[in-house]
Amino acid sequence: MIAPGAHEFAAHFCQKTGLVAEIDTLGGGGAEGGLRKLWEMSELSAGEFADEVARFYGLPRTTLQDLIAAQPSVQQFSRRFLRDMAVFPHQSVNGQAIVAVADPSDTASIRAAGIVLGAAPSIKIASFEDIATALDQRLGEDPTPGAEQIGSDAAQDDDIDNLRDLASGAPVVRAVNDLFETAVELRASDIHIEPSRSSLVIRMRIDGLLRVVPTPSGIPPQAIISRLKIMAGLNIAERRLPQDGAARLRVARAEIDMRVAIMAAQHGESAVIRLLPRDRGLLSFEKLGFLSGDEHRLRRLLTLPHGMIIVTGPTGSGKTTTLATILSLLNEPTRKILTIEDPVEYEIPGIAQYQAKPSIGLTFAAALRSFVRQDPDVIMVGEVRDGETGHVAVHAALTGHLVLTTLHTETAAAAVPRLLDLGIAAFLLRSTLRAVIAQRLVRQLCDRCKSGRALTASDFDADPRYAAVGLAIGDDIFEPVGCERCGGVGYRGRCGVYEVLEINEEVRRLIDSQSDWASIDKAAIRNGMTTMIDDGLAKCRSGLTSAAEILRVTSVR
């Protein structure tokens, strides 16, 4: 008999990981209960969860390669039993009966396996995914009428088996590892793998722009995609529907989290991999690049006991980094801070951070409702995506909490009509909104090779926007040149350009059901708001970035 049971492990696992789970609802073993449900609620991959189970129960761990290489003993069992109970019976080289299980607390299934095998088996721990894959290989698809269908299924199984073996081979593993090492070396934030009719294109997003990198030679595109699926715990046999997965790996002495999104395209499956280094330190306000006036204004606003502060900008504009920096500034023993994010990109000691899981009902709005009963001082919600989340966030700010969140708008002033459009009452916004920070990321000039010069009349003839943003003939600017350090592009790293809209009395009077961003924007500028263009030009004149980069990411208004 295997002890302790699922409830004891669940209590241990929830305490260790901070997972909030209704332990009494875990139920028994099998496909819909026991440890499988706990794994699906966690953030761990199938392999990481199996490692935790093996450590807790003190049982040996077995891998997918071990299961595939083993002599199976599946013919005596019902296919449904093996699949539903996640059991893989096999024999050791000396003929000893072994049962690989994902849920050792399911003692009934283990006893049943022992009865069929005729001897008490040795128990080993495997992941739910590895057992399912091994059973798929040994059992194939369930029998269906018709010889043609059976032949098609067998051919597909053979193809999947061959692809799995190829993806696990040394050349493919080495090629994918080299790809990740290149990404880390180039400081890439994303890897895009895109099949075409006759080749595979790999691009990496470096400092906000995509750059083509060499494709591994002699490696089939399907093998690279399959290797990524194996790493991310995805179904290697599913090639039609989109799949999302995640994994944690160590590359070039750096530990990174990767999030994989795979989708079928016209000429095969494409993949986008988001890379999140785990060992990056939180940025200070000085490194974020706020102008001194904006930094002073923001620090003053963060001393307020309640209200809502919003960071706006498109995807990839650094909003999460700004919020993480603000949270690190607020992170003191006297404050309780709760966050709900999707995903959790920065892990901050001393702050309770939760991963949104819409599949189990843990949405931003649901988490916010629970947060207000946890007596927090500061609440951070990753994004206001809908009216429900916006309403709960505003009411949390109204009841004495400092609420930080993000929104997708082009300017700071546009946040007000956007929130009104989501159905939030104007009088609630007037009472709770304290400030809106709009931002973009611009590439920084390489310190080693940048070059300064004065603007000439020909520059204004080539791009009239120079005059529109306030530059004049003779103004000194800096431009990219390119060297070995920056890879020949002239830029290395990124910094933010910002505008901080403080909701003062004049702006507050403009918040009504007919609010438009232009009137709010003009009022804010009259009251001293520095626009993103002005912020960018200040950084341009100081040699931090180029005028062309400012005009690329901001719009003249």
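The values are calculated or read from the model by the stated rules, or taken from the named source; none is laboratory data. Since we're looking at a predicted model, the values are computed, not measured. Ideal geometry is used to build each Cβ from the backbone, glycine not excepted, and the neighbour counts take in all protein chains shown. Accessible surface areas use protein heavy atoms only, side chains included; no ligands, DNA or RNA. Shrake-Rupley method; radii C 1.70, N 1.55, O 1.52, S 1.80 Å.
Of the residues making up the range 314-338, those that are in contact with a Gly (Cβ under 9 Å, 6 or more places away or on another chain), open to solvent by less than 30 Å² (accessible area, probe 1.4 Å) and modelled with pLDDT under 95 are Ser317, Gly318, Lys319, Thr322, Leu323. Looking only at the range 187-200, count every residue that is open to solvent by 50 Å² or more (accessible area, probe 1.4 Å) and either within 21 Å of Leu441 (Cα to Cα) or free of Cβ contacts under 8 Å to residues at least 60 places away in the same chain (or both) and tell me the total. Qualifying residue count, the range 187-200: 3. Taking each residue of the range 409-425 that is touching a residue at least 60 places away in the same chain (Cβ under 8 Å) and looking for partners that are part of a loop (DSSP other than H, G, I, E, B) and basic (Lys, Arg) with beta-carbon atoms closer than 9 Å, six or more apart or interchain, yields Thr411/Arg557. Considering the range 369-414, the residues that are under 18 Å from Leu323 (Cβ atoms) and among the acidic types (Asp, Glu) include one that is modelled with the lowest pLDDT, namely Glu383.
Filtering the range 356-388 to residues that are of a type in the set (S, T, N, Q) and within 20 Å of the chain's Cα centre (by Cα) leaves Ser359, Thr363. Only residues that are open to solvent by 10 Å² or more (accessible area, probe 1.4 Å), aliphatic (A, V, I, L, M) and more than 33 Å from the chain's Cα centre (by Cα) were counted in the range 520-537, giving 1.
Taking the numbered list (1) over 23 Å from the mean Cα position of the chain (by Cα); (2) at positive phi in turn, Gly350 passes all entries but (1). If only residues of the range 306-332 that are closer than 13 Å to His408 by Cβ and small (Gly, Ala, Ser) are counted, the one that is farthest from the chain's Cα centre (by Cα) is Gly313.
In the range 90-125, what residues are of a type in the set (A, V, I, L, M, F, W, C) and over 41 Å from the mean Cα position of the chain (by Cα)?
If we filter the range 90-125 for residues that are of a type in the set (A, V, I, L, M, F, W, C), which is where we start, we get 93, 97-102, 108, 110, 112-113, 115-117, 119-120, 123, 125.
Answer for the range 90-125, where residues must be of a type in the set (A, V, I, L, M, F, W, C) and over 41 Å from the mean Cα position of the chain (by Cα): Val93, Ala97, Ala112, Ile115, Val116, Leu117, Ala119, Ala120.
Could you tell me whether any residue of the range 182-201 is assigned to a helix (DSSP H, G or I) and among the small types (Gly, Ala, Ser)? Among the residues of the range 182-201, at least one is assigned to a helix (DSSP H, G or I) and among the small types (Gly, Ala, Ser), which makes the answer yes. Just to be sure, is Ile351 closer than 30 Å to Gln15 by Cβ, open to solvent by 50 Å² or more (accessible area, probe 1.4 Å) and of a type in the set (A, V, I, L, M)? Answer is no for this residue.
Per-residue answers, yes or no, for (1) touching a Ser or Thr at 6+ places or on another chain (Cβ under 9 Å); (2) at pLDDT below 85:
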residue	(1), (2)
Arg174	no, no
Ser189	no, no
Ser196	no, yes
Asp207	yes, no
Leu210	no, no
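Selection within the range 107-122: residues that are in contact with a helix residue (DSSP H, G or I) (Cβ under 7 Å, 6 or more places away or on another chain) and open to solvent by 20 Å² or more (accessible area, probe 1.4 Å). The member of this set that is modelled with the lowest pLDDT is Ala120. Within the range 472-502, the set of residues being open to solvent by less than 40 Å² (accessible area, probe 1.4 Å) and either outside any loop (DSSP other than H, G, I, E, B) or modelled with pLDDT under 85 (or both) comprises Ile477, Tyr491, Gly493, Cys495, Gly496, Val497, Tyr498, Glu499, Val500, Leu501.
A residue that is in contact with a Lys or Arg (Cβ under 8 Å, 6 or more places away or on another chain) and either among the hydrophobic types (A, V, I, L, M, F, W, C) or modelled with pLDDT of 90 or more (or both) can be found somewhere in the range 421-430. Among residues belonging to the range 35-71 that are in a loop (DSSP other than H, G, I, E, B) and open to solvent by less than 20 Å² (accessible area, probe 1.4 Å), point out the one that is nearest to Arg227 (Cα to Cα). Among those that are in a loop (DSSP other than H, G, I, E, B) and open to solvent by less than 20 Å² (accessible area, probe 1.4 Å), it is Thr62.
Tallying residues that are part of a loop (DSSP other than H, G, I, E, B) and loosely packed, with under 13 Cβ neighbours inside 10 Å within the range 268-313 yields 6.
From the list Arg443, Arg434, exactly one residue is at pLDDT 90 or above, under 30 Å from Ile477 (Cα atoms) and in a strand (DSSP E or B). Which is it?
On the way: Arg434 fails: under 30 Å from Ile477 (Cα atoms).
The match here is Arg443.
Among the residues of the range 75-98, just one is of a type in the set (Phe, Trp, Tyr) and touching a residue at least 40 places away in the same chain (Cβ under 8 Å), namely Phe88.
One residue stands out in the range 389-419 among those that are under 23 Å from Asn527 (Cβ atoms) and part of a helix (DSSP H, G or I): the one that is most open to solvent (accessible area, probe 1.4 Å), namely Arg418. Scanning the range 234-267 for residues that are assigned to a strand (DSSP E or B), over 16 Å from Ala46 (Cβ atoms) and open to solvent by 30 Å² or more (accessible area, probe 1.4 Å) returns Arg250, Glu255, Ala261, Met263, Ala264, Ala265.
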